[in-house]
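The values are calculated or read from the model by the stated rules, or taken from the named source; none is laboratory data. Please read all numbers here as calculations on a predicted model, not as lab measurements. Positions of Cβ are backbone-derived with ideal geometry, glycine not excepted, and every protein chain shown enters the neighbour counts. These area figures cover heavy atoms from the full protein model, side chains too; ligands, DNA and RNA do not enter into them. Shrake-Rupley method; radii C 1.70, N 1.55, O 1.52, S 1.80 Å.
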Amino acid sequence: MKLIGKTLWTSLLLVGIAVVQNGGSESEVLRLHIAEAAAKSAPASDYANHPAKDAISHGLQKGYLWKYPDGKFHPEQTVTQSQFVASLVAIRQVSEKESVPALPAGHWAKDIYERAQKAGILANVPVNPNKLLTKEEAALLVFNAWKPFRGEKNPNLSNTGALITWGWMKAAPSGQPKFREDLPVLRGDAAEILRYLWTDKWQLEQGAKYAEEFHRSLKIVNGNIVGKVPGGDGGFMITAMFVTKSNGRKGFLNNQNFSVPMGQVKYMTFFVTNKNNSSDAGAFQYTNFPSFDRIDKGQLFHTPRGENK
């Protein structure tokens, strides 16, 4: 029941934002929620031939995107701050709140902004729910939202440049500077960015599950480090790599057992890699034996996507 309640809350909130921004009243939200649920399963209309069709459909199906009350998605409209923030909150599944003094009591966006504030999404962001977002403004919100998962961005790049380098935002059209921060982010563009975030969060959750399974398997038996690499579900390559004191390598893959003399090991790494796009779903390094203390090496925003520190 808790999951159903959260999904219903998210849908009501997102539809409510669309309603109020288009001149409707908050009392219309519940009625329009019913229409929105039907619209999610209706055939694509204004985005049927749009390049972001798959990303839009994914967002509508997962509940972090929504159509307007007219039943259309309007992929060529510039996304507003409140729309983008609401999607980030929905993907992060934020429930706790923190005060946002910039919005008065009773403001239609106050609830979502209080959740975003608690999650750190609004760090260094001037609160303006109706603001049409530029690439730089959207990228800042992304890095704020994803800091707990992927760490700090490359300090030598703008937010736009870092997100484009990471691969989650398109570069400017040909003939223009690649990292143009001032370009608008259309709703179709936002759908593609947000699908990357949803997918990354999902794969990180899978990676964390396999990392815990691996960690629990580790033991010291007769002076050997003993354990088993999880089998996974077929979508991930899971690797345990031992680096010896002579700088040799001993690697083990999905579902393999291992037994390696502890005295030979300099350190051990554990990786979960998405086979579809080679992105990291989890990375840990073990340096202390037999304690099995580990360091999370999955904080990768500072490096290009797919590379390890």
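Averaged over all directions, how much area does the convex hull of the C-alpha atoms of the range 65-165 cover when projected, in nm²?
Mean shadow area of the hull around the Cα atoms is 7.1 nm².
Per the Cauchy relation, a quarter of the hull surface: what is the mean projected area of the convex hull of the alpha carbons in the range 132-209, in nm²?
5.3 nm²
On a C-alpha basis, how far is the centre of the range 162-181 from the centre of the range 192-235 in Å? Whole number, if you could?
A separation of 32 Å, based on Cα centres.
Taking the Cα centre of the range 177-264 as the origin and placing charges on Cβ (Lys, Arg +1; Asp, Glu -1), which of 247, 235, 190 is farthest toward the positive end of the dipole?
About the Cα centre, the residue reaching furthest to the positive side is 247.
Summing Lys, Arg as +1 and Asp, Glu as -1, what charge do residues with Cβ under 11 Å from the Cβ of residue 208 carry, residue 208 excluded?
Summing Lys/Arg as +1 and Asp/Glu as -1 gives -2.
In nm, to one decimal, how far is the residue 181 label point from the residue 208 one, both placed 7 Å along Cα→Cβ?
Those two pseudo-labels are separated by 3.2 nm.
Report the accessible area of residue 204, computed with a 1.4 Å probe over the heavy atoms of all protein chains in place, in Å² rounded to the nearest 10.
30 Å²
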